[in-house]
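Colleague: Below you'll find the structure I mean.
The values are calculated or read from the model by the stated rules, or taken from the named source; none is laboratory data. Predicted, not measured: the structure shown is a model, and the values here were computed from it. Glycine also receives a Cβ, built like all others from the backbone with ideal geometry; neighbour counts cover every protein chain displayed. What goes into the accessible areas is simple: the full protein's heavy atoms, side chains included, and nothing from ligands, DNA or RNA. Shrake-Rupley method; radii C 1.70, N 1.55, O 1.52, S 1.80 Å.
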Amino acid sequence: MLAPQLEVARSSGLPRHVTVWFYVDLVEDVADKGGVPDAHREWGATHDFPSEYFVSTVHAATSAELAGGFDLELLERYRLAMVVCGLLAAFAVWRRFLPAWWALVAGSLTIAASHFATRFVSYRPETFGFVLALWSTWLFDEALERRSKRWAALAGVVSASSFLAHAEAWFLTGPLWLGILVARVAFPDARTEVPAEGGTEDGDEDPTGDRGEGGATAPRRRRIGAVVRPLTRPVAVVAVAFVASVVVLTLAGDGGSRVAGQAGLAEERTGPVAPIPAGDPTWTLHGALYREAEIGTPPPELRSIFVDKKAREPFVGLRMQSREAQLGVLLLLLFVLPALRRRPSARAARAVLVITITAAGIVAVGMVFTFLYSTYVPQRLGPQRVIPTYGFPLAGLLAVAGWLAATRLSALWRRWKGPGGRVGRAVYPAATAVLSVALLLLLTPGLGGRTERLEHVAPIGPNLSETAHEAYEWIEENTPPDSIVMANGYTEGSIGAVSNRLGWLDGRAPYLGNEAFRADSIRKLLDARAYFRDPVAERDLLPEEVDYVLVSTARGSVDLGGSRFAEGRSQVSDSLDLRLVRSFGGDQLLLYEVTRGSRERSRAPSRTMMQRAFLGVSP
């Protein structure tokens, strides 16, 4: 489980993703202020603190406060701790349906070999939400089994915490809870069923339906009403606890601004902005962030449901490779379905039913989520935004298949040689060891002689370079605390997180934020691109608020922690408004100070913005 995660760790200690820096900036903000602040500084202004990551941010901030700071070392320790917690949570859930060893195999496949592995390569709120989602699932099933209102209330609270750590966690929680509820109705005695003599060597009933000479387990028949009625109260308590917890935690994460009836700080402090072009504003923002030439063109078509755009292969979760999908289908046909035809135990049938409903629910949620939106974001990923969680039920399916295969081999040996003997007792553990090791080596990246690493399986994307990190640290130590820095690229929050300074183009990408915030971000990005194209001719586009300009030159490929503008890598030095302060990485990265007294700044509207008639933007 840890091998792929340790292998992708960078020697510098810097995280693999660039989006991590915005989340780290939030954590440091909460830790420095000793609580949730009213606002957060990003994009050269002050905006409402994003409460949608409230729970994960507070947890990481508390860890940082206890550890004395959220440095790179703690960031890596926290990441690996989440991996271990994820394994424990996955094991706890799968133990509800599988023997202990196979539950451990399923948990390892869930964390190491599924799409979730890519979520654990750096600090991300959704990993914390995913771990909480698994624990809430364990609590939910325990509440249904105990018919307990207290356990149900706890499940609702933890599930709400998962939702407010990152809402994406509920893409898995909803289908998984539905599968557990249906399975509880279909097999009400799955956990309390007493196995007959001749059970498996693992101590559980034989899931394949084979029974020893002691007789078969007598199923208990109940009316549907008698089964459903005791479950309604725990389900109702879970729903009430979830809604109440979401409301309370949302108010707590608001920093008090909305509770006191104040206006949103984003609309209040950013001021009026030019209207954005008609059409899809998220596509316009995407172009301003990454490829300006795409602005004004129609967005691409919705991505296919089951085919990954890069790999062009079926996309079902485990490593996004078609052979794993074929292996899962093969095991399903060879072991699971024949076992169902042989009167399987309630526990085995319940496991398969939960997995089937969860997998179908994930696909359904992906479809619904996609068609609820008509904008490029979130439709740029299509249902695959959700479908990667299909790796969770597929990991369980592979473990169920291994369990069934091991018990089938043991049953066949007993029929051939009889139930006694030292060799007969060793058949099940030997088969279990061989099958589980084979699954782990076959499916885990970097193991079993496989050459592909985790980042090859799912490309991690751009990273903050060590040169840029060095520059940000120098800025923190040698510039005034209230300085504003503008880089020739979108920096994803890295300037705020590392240098503790306000970045002009630094922060979250407000695709689905309020319109004023998004429009202001588009305006700043387009003006910055126009300025860096010709800093001498477009000197009026250098914002008055900016104190320092950071430029990644054409001499190197320094990653600023996000996108990088192709413009402005050679002409910035000709600007009379800038004075070179320091260079980094052999002149690959240059830091300039804005010289306020060098000229009289024009306060006229941006000529570039006025000339963009094709965008429908008015001055």
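Colleague: Karplus couplings for the range 15-25 from phi (6.51 cos²θ - 1.76 cosθ + 1.60, θ = phi - 60°), rounded to Hz, Gly and Pro as x?
Modeller: x, 7, 9, 8, 5, 4, 5, 5, 5, 5, 4
Colleague: If I model a spin label as a point 7 Å beyond the Cα along the Cα-Cβ vector, how far apart are those points for Asp587 and Thr375 in nm?
Modeller: Each label point lies 7 Å from its Cα, and together they span 4.3 nm.
Colleague: Compute the FRET efficiency between Ala186 and Leu72 as 1/(1 + (r/R0)^6), taking r as their Cβ-Cβ distance and R0 = 30 Å, and round to the nearest 0.05.
Modeller: So, using R0 = 30 Å, E works out to roughly 0.05.
Colleague: Once amide H atoms are built 1.01 Å from N in the peptide plane, which residues 5 or more positions from Val581, or in another chain, come under 5 Å H to H?
Modeller: Excluding prolines and chain starts, which carry no amide H, the hits are Leu591, Tyr592, Glu593.
Colleague: Whenever you get a sec, line up Glu538, Glu515 from highest to lowest accessible area (probe 1.4 Å, protein heavy atoms).
Modeller: Glu515, Glu538
Colleague: Using a 1.4 angstrom probe, figure out how much accessible area the range 1-139 has per residue, in square angstrom, rounded to the nearest whole.
Modeller: Normalised by residue count, the accessible surface of the range 1-139 is 31 Å².
Colleague: Rounded to whole Hz and in sequence order, give me ³J(HN,Hα) for the range 142-158 from the Karplus expression 6.51 cos²θ - 1.76 cosθ + 1.60, θ = phi - 60°, writing x for Gly and Pro.
Modeller: Whole-Hz 3J(HN,Hα) from phi for the range 142-158: 5, 5, 5, 5, 7, 6, 9, 6, 5, 5, 5, 5, 5, 4, x, 5, 5.
Colleague: Another question about this same structure. What does a probe at Ala100 reach in the range 427-444, counting residues whose amide N is under 20 Å from the point 7 Å along Cα→Cβ?
Modeller: 427-437
Colleague: How much FRET efficiency would the formula 1/(1 + (r/R0)^6) give for Arg291 and Leu412, where r is the Cβ-Cβ distance and R0 is 45 Å, rounded to 0.05?
Modeller: 0.15
Colleague: Using θ = phi - 60° and the Karplus curve 6.51 cos²θ - 1.76 cosθ + 1.60, what whole-Hz ³J(HN,Hα) does each residue of the range 391-402 get, with Gly and Pro shown as x?
Modeller: Values per residue, Gly and Pro as x: x, 5, x, 5, 4, x, 4, 5, 5, 4, 4, x Hz.
Colleague: What distance in nm separates the simple spin-label points at Glu7 and Asp482, each placed 7 Å from Cα in the Cβ direction?
Modeller: In this crude spin-label approximation the distance works out to 5.1 nm.
Colleague: Can you pull the percent of the range 112-186's accessible area that's carbon plus sulfur, 1.4 Å probe, other chains left in place?
Modeller: So the carbon and sulfur contribution to the accessible surface is 67 percent.
Colleague: Considering amide H positions built from the backbone, and no H for Pro or chain starts, which residues 5 or more places from Gly503, or on another chain, come under 5 Å of its amide H?
Modeller: Placed amide hydrogens put Trp43, Gly44, Val485, Gly496 under 5 Å from Gly503.
Colleague: How much accessible surface does Phe91 have with a 1.4 Å probe, in Å² rounded to 10?
Modeller: 60
Colleague: Further, regarding this structure: What is the extension gain from Val434 to Ala239, computed as 0.36 nm multiplied by their sequence separation minus the C-alpha to C-alpha distance, in nm to one decimal?
Modeller: Contour length minus the Cα-Cα distance gives 65.9 nm.
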